[in-house]
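What follows is a short report on a single structure.
Just so you know, all these numbers are worked out from the coordinates, no wet-lab data involved. Computed from a prediction, not measured in an experiment: that's the story for all the values here. Reconstructed Cβ throughout: ideal geometry from the backbone, glycine too, with neighbour counts over all protein chains shown.
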């Protein structure tokens with residue numbers, strides 16, 4: 001029942017819509033240009049999620065592993081937790097570095113979602129194979145963008161220790177998530193194996 005609700009359009013649309021609204025409200029209340037831009041980018045990303053869950057086709061293959069589904073869902077909560085535990089931003093060069101990572105990560109995530117298009121999904125289902133754009137750089141560019149943006153929050157946070165712990169949880173869950181997503185992709189698309197052989201999973205040239 002829970003998987004059916006999460007895999008439908010209503011629940012994800014509501015949740016993504018709420019996050020987009022909160023980000024948009026935060027942008028309107030921002031006191032500086034940097035905060036305004038970051039919140040606006042966040043609102044754009046959540047809005048894209050909300051739209052895509054309503055125009056995506058039915059899955060070609062459903063991923064219903066309990067571990068894979070749990071990793072997908074908990075990772076999203078962990079990303080939100082980073083912002084909650086980070087507290088106020090610091091200052092100086094460290095804050096600038098964090099802001100650069102945050103902005104770059106959000107832009108990369110938005111570009112990745114744009115190329116992913118109607119193949120977007122919350123659960124580890126398969127709706128198509130995308131190897132263009134950011135997907136030529138890594139196999140999971142959306143997750144790389146999210147991890148980069150959230151690490152920027154950690155770098156610029158005053159309470160960096162709990163924020164870093166939450167980020168490490170996100171990283172671990174995303175690695176588990178990619179494992180189950182790729183298992184379905186390999187089963188559905190024979191061409192995925194050579195693509196995976198020549199393209200790193202999350203970090204260009206490394207992992």
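Relative to the longest principal axis of the Cα atoms of the chain, helix 66-86 runs at roughly 10 degrees. Only DSSP H runs of four or more residues enter the estimate; each adds -39500 (n - 2.57), and after division by the residues of the chain the mean residue ellipticity at 222 nm equals -23500 deg cm²/dmol. Using a simple spin-label model with pseudo-atoms 7 Å out from Cα toward Cβ, residue 158 and residue 31 lie 1.2 nm apart.
Which of rounded, prolate or oblate describes region 82-122 when judged by the alpha-carbon gyration tensor and an a/c cut-off of 1.5? Verdict is oblate for region 82-122. Report, in whole Å, the centroid distance computed from the Cα atoms of region 98-123 and region 142-207. Region 98-123 and region 142-207 have Cα centres spaced 12 Å from each other. Looking at [x] 83, 58, 29; [y] 50, 39, 28; [z] 57, 36, 33, which value of Cα extents along the principal axes in Å comes from a calculation on the structure shown? Answer label, from the structure shown: [y].
In this simple spin-label model, placing a label point 7 Å from the Cα along the Cα-to-Cβ direction at both residue 104 and residue 18 gives a separation of 3.3 nm. For a paramagnetic label modelled at 7 Å from the Cα of residue 67 toward its Cβ, which residues of region 174-192 fall within the zone defined by backbone nitrogen distances under 15 Å? Counting backbone N atoms under 15 Å from the label point, the list is 174-184. Taking other C-beta atoms within 10 angstrom as a stand-in for reagent exposure, 146, 182 fall in the order 182, 146, fewest first. Could you list the residues of region 14-44 with an amide nitrogen less than 14 Å from a label point located 7 Å from the Cα of residue 80 in the Cα-to-C-beta direction? Only 14-23 fall inside the zone, counting backbone N under 14 Å. Helix 141-155 axis versus longest C-alpha principal axis of the chain: approximately 20°, rounded to the nearest ten. Rounded to the nearest 10 degrees, the inclination of helix 93-116 to the longest alpha-carbon principal axis of the chain is 30 degrees. Under a Gaussian network description of the chain, with springs only between Cα atoms under 10 Å, the residue in 35, 125, 99 that fluctuates furthest is 35.
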